[in-house]
Amino acid sequence: MDELLTSFQKYLFSKQCKEKTIKSYLYQIEKISNGELDFLKRHIIPTLVQEMEFSNREYFIDRITSSYALRYFERMTSYLIKNPFVSKAPITVYIFDGKKDYCIGDSALETLYDDILLINCIFYENSQKLHFRNTPSFDEMTVHTIKSELQKKDLNIKNLAIHIVYLKSDIKRNVLTKFCDFLYDTDPTENYNYAGNHFYYMACNESPKKVGDNYKVLQPLTSKKPFQIAIKDSTRTYYHDDEETPDLILIKTDLAKILNLDHKTIRKNFVLRKKISFVKPNKAELIKTYNIKSDETILDIYFSLSSTNEFLKDKHRFVKNDDSEQHCHLEGYSYWYKKGQALKILKVSPNFFDQNIQKICSHIEYVSGCARYFSKDLEYLSTHDKNVLNAQKRKEIYSIKSIRKRKT
């Protein structure tokens with residue numbers, strides 16, 4: 001047995017691996033290296049990255065996410081094709097209509113970026129210039145022919161998705177990570193530090209599957225200031241009308257987190273919504289102010305970051321009182337209560353609450369009828385506001401009278 005393989009075997013024994021597992025790992029390492037273990041040792045991380053990428057199995061990308069996917073494939077495939085152990089297995093590319101795949105043909109790691117770029121420009125009419133690295137596997141006529149066939153089916157071409165399928169790899173990435181750990185244990189250099197490798201991180205965390213969660217908190221919610229967000233990673237920019245600043249980057253899950261609403265409410269009020277709530281005289285201005293701009297493909301609905309910020313501002317109402325400045329620094333939704341909890345604090349009648357509370361208490365109302373009120377304002381009003389105190393007395397008197405009436 002090769003000296004390196006013997007050392008690897010001893011390492012696995014020291015990690016208390018089962019004998020059957022050790023035999024399997026040794027067999028796989030010999031198979032991957034084709035007997036050239038030193039050669040595999042020099043190229044272990046690119047080989048591991050390749051297996052991590054292939055373990056993603058398939059991708060669905062659309063006109064919104066295609067530009068981000070192209071940047072990913074450009075960087076990833078450029079790195080992988082330098083690896084002597086690169087897979088020669090074909091990668092199949094389809095057009096997906098939400099139910100059915102239409103095969104365009106076989107691609108390869110060397111041409112995947114170019115093939116996706118070609119489809120992206122023809123199907124989505126993206127104005128991005130065709131700067132190929134290599135000659136695409138598909139010719140333009142083939143792609144145009146498939147597009148024409150799909151147009152005859154009355155499909156909205158721009159809403160369709162590109163479906164990329166990797167051939168299933170028979171190599172278990174566990175053995176490569178174990179071999180890499182073994183090498184790093186004996187020689188702790190960056191040559192074997194896959195955890196610190198940028199492309200390994202990309203394959204695990206930045207693949208085109210990772211749509212969403214591309215926003216960060218720009219300004220947290222307080223009683224005085226509305227919640228505001230910003231793009232988290234400017235490299236993950238999605239195509240949208242050739243504007244310089246990415247905007248359609250939020251998906252339904254993002255919107256649910258940002259607005260602190262459940263998915264059912266998001267679907268009802270922002271996905272299926274057919275009319276504008278809160279009717280105002282100026283309808284054109286209303287549409288601009290109250291709607292969160294969105295765009296839809298067969299894969300998902302994408303919401304606008306900028307109009308979400310406008311929406312958050314518009315739905316936030318700060319009402320100043322003598323206690324406001326003391327608590328205006330408190331951040332987050334945990335300080336905002338729904339009507340039921342607010343009534344318990346104020347101890348007033350629902351009728352008084354509905355008629356008066358929004359005039360005297362800071363509140364947010366992202367969905368009609370589901371307002372939330374700043375808890376510190378409620379606590380202050382319950383003990384200091386004359387109208388609230390009078391309402392509390394009226395409710396108490398009414399309750400006593402009701403009890404007496406029931407007794408008689």
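The values are calculated or read from the model by the stated rules, or taken from the named source; none is laboratory data. Here the structure is a predicted model, which means the values were calculated and not measured. Here Cβ is always computed from backbone atoms with ideal geometry, including for glycine, and neighbour counts include all displayed protein chains. Accessible surface is based on the protein model in full, side chains and every heavy atom, while ligands, DNA and RNA are left aside. Shrake-Rupley method; radii C 1.70, N 1.55, O 1.52, S 1.80 Å.
On the given criteria, is I162 open to solvent by less than 40 Å² (accessible area, probe 1.4 Å) and part of a strand (DSSP E or B)?
Yes: the conditions hold for I162.
Does any residue of segment 43-58 turn out to be open to solvent by 30 Å² or more (accessible area, probe 1.4 Å), among the basic types (K, R) and in a helix (DSSP H, G or I)?
Scanning segment 43-58 turns up no residue that is open to solvent by 30 Å² or more (accessible area, probe 1.4 Å), among the basic types (K, R) and in a helix (DSSP H, G or I).
What residue, among those in segment 88-105 that are surrounded by fewer than 17 Cβ atoms within 10 Å (Cβ to Cβ) and among the hydrophobic types (A, V, I, L, M, F, W, C), is nearest to Q50 (Cα to Cα)?
A89
For (1) in contact with a helix residue (DSSP H, G or I) (Cβ under 8 Å, 6 or more places away or on another chain); (2) of a type outside the set (D, E, K, R), each residue gets a yes or a no:
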residue	(1), (2)
I157	yes, yes
K172	yes, no
T177	yes, yes
F182	yes, yes
N191	yes, yes
K210	no, no
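Please work out if K210 is closer than 30 Å to L312 by Cβ, charged (D, E, K, R), surrounded by fewer than 19 Cβ atoms within 10 Å (Cβ to Cβ) and free of Cβ contacts under 8 Å to residues at least 40 places away in the same chain.
Yes.
Got a sec? Which helices (runs of 4 or more DSSP H) wholly within segment 59-151 have at least 1 residues that are closer than 23 Å to I45 by Cα and of a type in the set (K, R)?
The qualifying helices (runs of 4 or more DSSP H) are 66-80.
Any idea which of (1) within 28 Å of Y27 (Cβ to Cβ); (2) buried (at least 19 other Cβ atoms within 10 Å of the Cβ); (3) touching a strand residue (DSSP E or B) at 6+ places or on another chain (Cβ under 7 Å) is the one A108 doesn't satisfy?
It fails just one condition, (2).
Residues checked against (1) in contact with a Gly (Cβ under 6 Å, 6 or more places away or on another chain); (2) open to solvent by less than 60 Å² (accessible area, probe 1.4 Å); (3) among the acidic types (D, E); (4) at pLDDT below 90:
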residue	(1), (2), (3), (4)
L250	no, yes, no, no
I266	no, yes, no, no
R273	no, no, no, yes
E285	no, no, yes, yes
K288	no, no, no, yes
D295	no, yes, yes, yes
L305	no, yes, no, no
K313	no, no, no, no
V319	no, yes, no, no
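So N56 clears everything in (1) at pLDDT 90 or above; (2) closer than 30 Å to Y302 by Cα; (3) not charged (D, E, K, R) except one condition, right? Which one?
(1)
Is it the case that P208 is assigned to a loop (DSSP other than H, G, I, E, B), modelled with pLDDT of 95 or more and either closer than 30 Å to Q50 by Cβ or out of contact with any Pro (no Cβ under 9 Å at 6 or more places or on another chain) (or both)?
no
Can you pull out the residues in segment 71-114 that are closer than 23 Å to Y200 by Cβ and among the charged types (D, E, K, R)?
R71, E74, R75, K82, K88, E110
Matching residues to (1) among the charged types (D, E, K, R); (2) modelled with pLDDT of 90 or more:
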{"site": "V217", "(1), (2)": "no, yes"}
{"site": "T222", "(1), (2)": "no, yes"}
{"site": "R236", "(1), (2)": "yes, no"}
{"site": "P246", "(1), (2)": "no, no"}
{"site": "S277", "(1), (2)": "no, no"}
{"site": "I292", "(1), (2)": "no, no"}
{"site": "I298", "(1), (2)": "no, yes"}
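Here's the yes/no breakdown for (1) under 24 Å from I249 (Cβ atoms); (2) in contact with a Lys or Arg (Cβ under 7 Å, 6 or more places away or on another chain); (3) modelled with pLDDT of 90 or more:
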{"residue": "I61", "(1), (2), (3)": "yes, no, yes"}
{"residue": "K88", "(1), (2), (3)": "no, no, no"}
{"residue": "K100", "(1), (2), (3)": "no, no, yes"}
{"residue": "I104", "(1), (2), (3)": "no, no, yes"}
{"residue": "E110", "(1), (2), (3)": "no, no, yes"}
{"residue": "D114", "(1), (2), (3)": "no, yes, yes"}
{"residue": "K129", "(1), (2), (3)": "yes, no, no"}
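Is there a residue being surrounded by 20 or more Cβ atoms within 10 Å (Cβ to Cβ) and under 26 Å from C121 (Cβ atoms) anywhere in segment 7-26?
Within segment 7-26, none of the residues are surrounded by 20 or more Cβ atoms within 10 Å (Cβ to Cβ) and under 26 Å from C121 (Cβ atoms).
Just for segment 338-388: of the residues that are in contact (Cβ under 8 Å) with a residue 40 or more places away in the chain, of a type in the set (S, T, Y) and touching a Phe, Trp or Tyr at 6+ places or on another chain (Cβ under 7 Å), which one is most open to solvent (accessible area, probe 1.4 Å)?
S368
Determine which member of the set K15, K99 is more than 36 Å from the chain's Cα centre (by Cα) and of a type in the set (K, R).
Of K15, K99, the one residue that is more than 36 Å from the chain's Cα centre (by Cα) and of a type in the set (K, R) is K15.
Checking P136 against (1) without any contact (Cβ under 8 Å) to a residue 60 or more places away in the chain; (2) touching a strand residue (DSSP E or B) at 6+ places or on another chain (Cβ under 6 Å), which single condition isn't satisfied?
So P136 meets the others, but not (2).
Of these, N193, N197, N174, which one is buried (at least 16 other Cβ atoms within 10 Å of the Cβ) and of a type outside the set (G, A, S)?
N197
Consider V143 against the criteria (1) of a type in the set (A, V, I, L, M, F, W, C); (2) crowded, with 19+ Cβ neighbours inside 10 Å; (3) out of contact with any helix residue (DSSP H, G or I) (no Cβ under 9 Å at 6 or more places or on another chain): it satisfies all of them except one. Which criterion is unmet?
V143 satisfies every listed condition except (3).
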